[in-house]
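The numbers here are math on the coordinates, done by the rules we state, and not lab data. Small disclaimer: the values here were computed from a predicted structure and weren't measured. Note: ideal-geometry Cβ built from the backbone for every residue, glycine included; neighbour counts use all protein chains shown.
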Amino acid sequence: MFLMAVVVARLVGGQWPALDRFGASTEYPALPIVTYWLANLVCYGFGEEVGWRGYLQPTLEQRRPVLRSAAILSMVWALWHLPLFGITAGYRQLPAVGFIGFYFSLLVAALVFAWLWHRSGYSLLVVAVFHAVFDIATTAPTDTTLIPILMGAAVSLAGLAALPALRTMEPSPPPGAGAAPGRPPAAKEAQG
């Protein structure tokens, strides 16, 4: 996804985007890149996904379809991020209507994450790594705004493409039910 965004940015802008600081943080510029990546994976990847996909998604799915559960989760996820609009400089610069766009991005991301969660056999590792890598790639300092815009568009398309599959997926096992990580749901049913 990132490489496609870079190539499209090159085609649109006429030159290759500056990627010499890829993976660095503008929020925590003193952190070495490897430290930032690990902190991002632990704090934002696992830190959020343990709650979102590890607990809330399967809890909601005990009484609701997968698609509706992902949509409800996106609302809670948006409320969770709401304080960033007062804390983080990038969010503070957005107009109030920017929260609507931000919510839409979380809604389609929740669809992608729900699909990943189910198709990976309920693997927190898969969703945490995707979360961290996406955050790192979309916030990396560069000389173009096209990369995060194009990556957001790609996730939006992926979220919309996941809709048919999400409509027919079986619910996750309840939190703590001991689902075997990394085994797709189809493999479990075949053994049954």
It is to be established whether one or more residues within segment 26-47 are farther than 25 Å from L116 by Cα, polar (S, T, N, Q) and outside any helix (DSSP H, G or I). yes
Could you pull out the residue among L125, L163, L150, L146 that is in contact (Cβ under 8 Å) with a residue 24 or more places away in the chain and within 22 Å of T35 (Cβ to Cβ)? L125
Hits in segment 132-151 - residues which are in contact with a helix residue (DSSP H, G or I) (Cβ under 6 Å, 6 or more places away or on another chain), part of a helix (DSSP H, G or I) and not aliphatic (A, V, I, L, M): D135, T138, P148
The one condition in (1) surrounded by 15 or more Cβ atoms within 10 Å (Cβ to Cβ); (2) on the phi < 0 side of the Ramachandran plot that G23 fails to fulfil: (2)
Working only within segment 106-128, note down all residues that are surrounded by fewer than 20 Cβ atoms within 10 Å (Cβ to Cβ), in contact with a Gly (Cβ under 6 Å, 6 or more places away or on another chain) and assigned to a helix (DSSP H, G or I). L124
